[in-house]
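Reviewing the structure listed below.
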Amino acid sequence: PFLDRGIYREPVEDCNGWWYGHGRARMVSVMAARGCPFKCGFCQPLEDNHFGKKLRRKSVDNLIAELRILKERYRPDCVMIHDHTSLLPKNWLDAFLAKYPEIGLPFWAAGRADGICKDPNLVRRLVRVGWELVSVGFESGSQRILDLMNKGTTVAQNLEAARIIRSTGAKIYAN
């Protein structure tokens with residue numbers, strides 16, 4: 001079932017001042033997935049304890065149905081897809097790319113630097129359907145620190161991911 005947002009004093013979040021788009025003030029958040037297949041030291045083992053050891057996704061149809069309701073009920077300017085990483089799995093993303101345009105709202109979502117580097121065309125396709133604010137967990141500009149955190153990415157990938165995102169016209173929200 002969908003989250004009952006009627007229990008909140010403010011079911012729409014105020015993103016005025018931090019969303020990098022023009023005229024974005026009212027945002028709704030959704031989760032399309034729980035869990036993360038990566039083992040970064042700053043999230044684990046807490047992540048597995050809370051969400052389990054594997055990535056679980058709502059169906060694209062379920063997510064689109066929820067977004068249709070939220071769009072009609074709350075009239076948001078944008079959507080935050082609050083997943084740990086939005087670039088997995090490929091078949092889910094293909095279905096999302098086919099159906100999200102009917103929602104017609106810009107969205108914020110997270111992607112890992114290595115995933116962005118692995119498939120720049122996928123990133124471009126996602127930006128074309130509304131991925132306006134790309135959150136990337138760069139975490140550090142030091143390879144030594146990335147390795148200590150067990151991040152599984154490189155400084156070179158972080159720089160390349162930033163270049164790819166900038167080439168699409170999307171904005172970077174860097175962690």
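The values are calculated or read from the model by the stated rules, or taken from the named source; none is laboratory data. A quick note: this is a predicted structure, and the numbers were derived from the prediction, not measured. Cβ sites come from the backbone with ideal geometry, for glycine too, and all protein chains shown count toward neighbours. The protein model used for the area step is the full one, side chains on, heavy atoms only, and it has no ligands, DNA or RNA in it. Shrake-Rupley method; radii C 1.70, N 1.55, O 1.52, S 1.80 Å.
When you look at G17, is it at pLDDT below 75 and small (G, A, S), yes or no? The answer is no for G17. The condition of being among the hydrophobic types (A, V, I, L, M, F, W, C), modelled with pLDDT of 95 or more and farther than 16 Å from V30 by Cα holds for only one of L126, L88, that being L126. The single condition among (1) among the hydrophobic types (A, V, I, L, M, F, W, C); (2) free of Cβ contacts under 8 Å to residues at least 24 places away in the same chain; (3) not in a helix (DSSP H, G or I) that L159 does not meet is (3). When the stretch 32-52 is filtered for residues that are in a loop (DSSP other than H, G, I, E, B) and either at pLDDT 95 or above or in contact with an Asp or Glu (Cβ under 9 Å, 6 or more places away or on another chain) (or both), the ones remaining, listed by number, are A32, G35, C36, F38, K39, C40, F42. Going by what's in this entry, would A98 be described as on the phi < 0 side of the Ramachandran plot, open to solvent by 70 Å² or more (accessible area, probe 1.4 Å) and out of contact with any Lys or Arg (no Cβ under 6 Å at 6 or more places or on another chain)? Here the answer is yes, as A98 does meet what is asked. Scanning the stretch 61-80 for residues that are within 30 Å of T153 (Cα to Cα) and open to solvent by less than 10 Å² (accessible area, probe 1.4 Å) returns L63, C78, V79.
Quick check on P101: is it closer than 22 Å to R26 by Cα and not hydrophobic (A, V, I, L, M, F, W, C)?
For P101, the condition - closer than 22 Å to R26 by Cα and not hydrophobic (A, V, I, L, M, F, W, C) - is met.
Scanning the stretch 133-146 for residues that are open to solvent by 50 Å² or more (accessible area, probe 1.4 Å) and either within 28 Å of L105 (Cα to Cα) or not hydrophobic (A, V, I, L, M, F, W, C) (or both) yields E139, G141, Q143, R144. Being touching a residue at least 24 places away in the same chain (Cβ under 8 Å) and part of a loop (DSSP other than H, G, I, E, B), is that true of even one residue in the stretch 120-133? Yes, the conditions are met somewhere in the stretch 120-133.
Consider the stretch 147-163 and keep the residues that are polar (S, T, N, Q) and open to solvent by less than 70 Å² (accessible area, probe 1.4 Å). The one that is nearest to C117 (Cα to Cα) is Q157.
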